[in-house]
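*Asks:* Below is a structure I'd like to ask you about.
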Amino acid sequence: TYNFRLWDQNIGVDQIETDPYLLSWSAKMLNESKVFSDVVTPEESVEQNDYRITKSIYDFLSQCTIVIGQNIKGYDLKMLNTRLAFYGLPPLPRFQIVDTYTGRIIKR
């Protein structure tokens, strides 16, 4: 049996075959047509090296004052913060979150 997350699961450390890592991200600024995105290369994927795209999404989100996303509070930011800590990168700056999954505006 494979699981794709550790949160709210009963998984022993000995059951973990590989740590999770980022594969891709995409976003856009309000009222702009340009889509920003990044994806790991095949070589980065084999090495499970997501440093480059972790840094690129960090740089993008650092420009934001409000971030809107589906389950962004419950999943995406937890995953991103884990990867930032893994690489010793600073935490994300503060911004407001609109989570379309919960329908809530969250100040963090």
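The values are calculated or read from the model by the stated rules, or taken from the named source; none is laboratory data. Everything quoted here is computed from the prediction, not taken from an experiment. No Cβ is skipped: glycine too gets one built from the backbone with ideal geometry, and neighbour counts run over all protein chains shown. Protein only, heavy atoms only, side chains kept; ligands, DNA and RNA dropped before computing areas. Shrake-Rupley method; radii C 1.70, N 1.55, O 1.52, S 1.80 Å.
*Asks:* Considering only segment 17-27, state which residues are surrounded by fewer than 12 Cβ atoms within 10 Å (Cβ to Cβ) and either more than 17 Å from the chain's Cα centre (by Cα) or more than 17 Å from Asp50 (Cα to Cα) (or both).
*Replies:* The answer is Glu17, Thr18.
*Asks:* Identify, please: which residue in segment 43-65 is hydrophobic (A, V, I, L, M, F, W, C) and not in a loop (DSSP other than H, G, I, E, B) and is, among those, most open to solvent (accessible area, probe 1.4 Å)?
*Replies:* The extreme case among them is Val46.
*Asks:* From (1) exposed (fewer than 14 other Cβ atoms within 10 Å of the Cβ); (2) more than 20 Å from Ser24 (Cα to Cα); (3) not aliphatic (A, V, I, L, M), pick out the condition that doesn't hold for Pro91.
*Replies:* Evaluating Pro91 over (1) exposed (fewer than 14 other Cβ atoms within 10 Å of the Cβ); (2) more than 20 Å from Ser24 (Cα to Cα); (3) not aliphatic (A, V, I, L, M) leaves (2) as the failure.
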